[in-house]
1. Identify, from the list His19, His25, His62, the residue that is modelled with pLDDT under 95, in contact with a Ser or Thr (Cβ under 6 Å, 6 or more places away or on another chain) and of a type outside the set (S, T, N, Q).
2. Return the pair list, or none, for Cβ contacts closer than 7 Å from residues in segment 62-90 that are under 16 Å from Glu34 (Cα atoms) and in contact (Cβ under 8 Å) with a residue 40 or more places away in the chain to residues that are in a helix (DSSP H, G or I) and among the small types (Gly, Ala, Ser), at least 6 apart or on different chains.
3. Which residues, counting only those in segment 35-58, are among the basic types (Lys, Arg) and in a helix (DSSP H, G or I)?
4. Could you identify the single residue in Val32, Val14, Val78, Val64 that is outside any strand (DSSP E or B) and more than 10 Å from the chain's Cα centre (by Cα)?
5. Among Glu98, Glu84, which is the only one that is farther than 13 Å from Val8 by Cα, out of contact with any Lys or Arg (no Cβ under 9 Å at 6 or more places or on another chain), modelled with pLDDT of 95 or more and not aromatic (Phe, Trp, Tyr)?
6. Keeping to segment 30-50, report how many residues are farther than 9 Å from Ala87 by Cβ, buried (at least 22 other Cβ atoms within 10 Å of the Cβ) and of a type in the set (A, V, I, L, M, F, W, C).
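The values are calculated or read from the model by the stated rules, or taken from the named source; none is laboratory data. Bear in mind that the values here come from a model prediction, so they are computed numbers and not experimental data. Don't worry about glycine lacking a Cβ; one is built from the backbone with ideal geometry, like all the others, and counts go over all protein chains shown.
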Amino acid sequence: MPLFERHVFVCTNVRPDGHPRGCCHARDAEAVREALRAAAARLGLARRVRINAAGCLDQCRHGVAVVVYPEQVWYGFVTPADAEEIAESHLAHGRPVERLRLPDDCINTPRCRHGGGAGS
């Protein structure tokens, strides 16, 4: 089997209701992952791209968080409706979806424009 061109990790972390950090699961993360898988399959990418559920990606304030490797492109606030655009633009053609892309100053930093520190 050939190597995958890209790996996509979708945070599907679950925390108890009322947890101060929240969780991506409560923001419909499973539907995001399934929509990405379906879009990738429709585009014939199933053998070229691997879409995985992930535990906490430590970007709780940006949930649903998604990261695409090897480019290390981080997306935030992803909804199932965004899946087709991510699959078509980024996964099929290598063009990240800038409107969903998290700026570098929001990844693993003490503060960002979305409030809170890393992992909050």
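1. His25
2. Between residues of segment 62-90 that are under 16 Å from Glu34 (Cα atoms) and in contact (Cβ under 8 Å) with a residue 40 or more places away in the chain and residues that are in a helix (DSSP H, G or I) and among the small types (Gly, Ala, Ser), the close pairs are Val64/Ala29; Pro80/Ala31; Pro80/Ala35; Ala83/Ala35; Ala83/Ala39; Glu84/Ala39; Ala87/Ala39; Ala87/Ala40.
3. Matches in segment 35-58: Arg37, Arg42.
4. Val14
5. Numbers: Glu84 fails: out of contact with any Lys or Arg (no Cβ under 9 Å at 6 or more places or on another chain).
It is Glu98.
6. Number of matching residues: 1.
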